[in-house]
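K.L.:
Here's a structure for you.
Just so you know, all these numbers are worked out from the coordinates, no wet-lab data involved. Keep in mind that this is a model prediction, so the values were computed, not measured. Every residue, glycine among them, receives a Cβ derived from its backbone with ideal geometry; neighbour counts consider all protein chains shown.
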Amino acid sequence: MLRIVIMDLITFNPWWRDGRVSAALVGRKRRLLAGLSEYMGLRQMLILYGLRRVGKTTTMFQLIDGLLEREEADPYHILYFSFDEEKADIKEILAAYERQIIREDLPRDRKTYLFLDEVQKLDDWPDKVKVIYDMYPSVKLCLSGSAAIAITKGVKESLAGRFFETMIEPLDFDEYLEFSGDDIDREQERVFELRIRRRFEEFMANGGFIEALELSDSHRNRYFKEGLLERVIYRDLPDSFHINAPDLLYRCMRVCAEKPGMLLDYSSLGRDLGHDQRTIAAYFSHLEYALLANKLYNYSPNLLTSEKKMKKVYLSSTAFSVALSPPVGRPELIEQFFANVLKARFFSRTPQRDEVDLVLSGDGEVVPIEVKIRSEVKKRDATPLFKFLHRYKAARGYMISDGTETVFSDGEKEVEVIPYWMYWTLMDRLGGILDR
């Protein structure tokens, strides 16, 4: 077993031979790298988490290359291992590293960097990395996981105060334009409307996943279905949870893809899918853990009340809906896009069925948002927004339209209507509450 680990280590750590990380592994650097590099000098471990294929491994290689470029570490004192590629225990990995590479015990007085990729596949990983962290103060740990691993049972307690976490996400729309070499002037949205619309359609199909940017439609859909979603459903989640029916997980995801923003009625879904509603509820929680789906709660100023009320769900990327479903309606996709990009946690639906698509809440402020992608938007379309504004004494509401740009007023409250392609205007209006 030791020899196998040694060969894995040599394969995983080419900078031991070359002194730098190859350009193929480093890839193109993203904006988030500068901020992450600042964590490398801190004692606490850094946990990178996010969907498969968003670039967590590439980010690790970029951090490693930065350490080498700045001469902050000797190549032999940077160790990378991927539990996604090979099964091994951390004790075996460190034993092989000590005996065959540095030929001494892991130093307690010299900085060593330990990068563990897809760490959730290591049994009892929180306890094992805690031992390393506590015993070797000079070891800097950087971990990654293709799920919300910091919410795993016991992690917050076991590693309390010992880590910082950062979610690695696909490219946002701005970064996508940069990677595509598009020079749209953000200050002149009206001038560039047609180009923004076209780029928006492309972006909703590729989801900002770098590897998917240059793929044809058919290859892109296979990339998402076979290379990402099926791998998570049939391999990753069964490794983490007791799942008797991974096909049911896949069916749950397809239902979400066909109906972005659907209300979650576990009893009805259970009848339709032929399974107990408790199983359906558990499986949707697994999809959320794997970062494939986002639940929204029916808004109430009392958060406990919100938790108990009805929920609705969106897949975490429009690209998944495009890949899994027969052609999803453009209005539904744009609603899904803004639910995700705005990181909405709430919607609103009253017993009288007055519904508001998205509700942002933060710092005592609440902002209702309705997405109406149709040829023309009229004041009556804003009726649920006005009712919400008065019910919760909110200052202002927003409607995201296809082309209409106006302000509706009922004499007391206002609803601003902004086309979806005026993306930067929308982000400017809503950015304040997003930053809270």
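K.L.:
Which number in (1) in a loop (DSSP other than H, G, I, E, B); (2) in contact with a Gly (Cβ under 8 Å, 6 or more places away or on another chain) marks the one condition that ILE243 misses?
P.N.:
ILE243 satisfies every listed condition except (2).
K.L.:
Inspect all residues belonging to segment 50-68 and state whether any of them is touching a Cys at 6+ places or on another chain (Cβ under 7 Å) and surrounded by 15 or more Cβ atoms within 10 Å (Cβ to Cβ).
P.N.:
yes
K.L.:
Being of a type in the set (S, T, N, Q) and not in a helix (DSSP H, G or I) is the filter here, so list the residues in segment 191-238 that pass it.
P.N.:
Of everything in segment 191-238, just one residue is of a type in the set (S, T, N, Q) and not in a helix (DSSP H, G or I), namely SER216.
K.L.:
Quick one: LEU171 ticks every box in (1) part of a loop (DSSP other than H, G, I, E, B); (2) under 21 Å from ALA73 (Cα atoms); (3) in contact with a Phe, Trp or Tyr (Cβ under 7 Å, 6 or more places away or on another chain) except a single one, so which number is it?
P.N.:
(2)
K.L.:
If a residue has to be buried (at least 18 other Cβ atoms within 10 Å of the Cβ) and farther than 20 Å from GLY431 by Cβ to count, how many in segment 314-335 make the cut?
P.N.:
So the answer is 15.
K.L.:
If only one of LEU159, LEU215, LEU177, LEU229 is surrounded by 16 or more Cβ atoms within 10 Å (Cβ to Cβ), of a type in the set (A, V, I, L, M), closer than 30 Å to ARG43 by Cα and in contact with a helix residue (DSSP H, G or I) (Cβ under 7 Å, 6 or more places away or on another chain), which one is it?
P.N.:
Exactly one residue qualifies, and that residue is LEU159.
K.L.:
Let me ask you something else. Name the residues in segment 383-413 that are buried (at least 17 other Cβ atoms within 10 Å of the Cβ), under 20 Å from SER361 (Cα atoms) and more than 33 Å from the chain's Cα centre (by Cα), would you?
P.N.:
Hit for segment 383-413 is LYS413, nothing else.
K.L.:
For the condition farther than 28 Å from SER285 by Cβ, within 26 Å of the chain's Cα centre (by Cα) and surrounded by fewer than 21 Cβ atoms within 10 Å (Cβ to Cβ), what is the one hit in GLU98, GLU71, GLU86, GLU104?
P.N.:
Values: GLU98 fails: within 26 Å of the chain's Cα centre (by Cα); GLU71 fails: within 26 Å of the chain's Cα centre (by Cα); GLU104 fails: within 26 Å of the chain's Cα centre (by Cα).
On inspection, the qualifying residue turns out to be GLU86.
K.L.:
For TRP15, which of the numbered conditions (1) in contact with a strand residue (DSSP E or B) (Cβ under 8 Å, 6 or more places away or on another chain); (2) more than 26 Å from ASP109 (Cβ to Cβ); (3) not basic (Lys, Arg) fails to hold?
P.N.:
(2) is the only condition that TRP15 fails.
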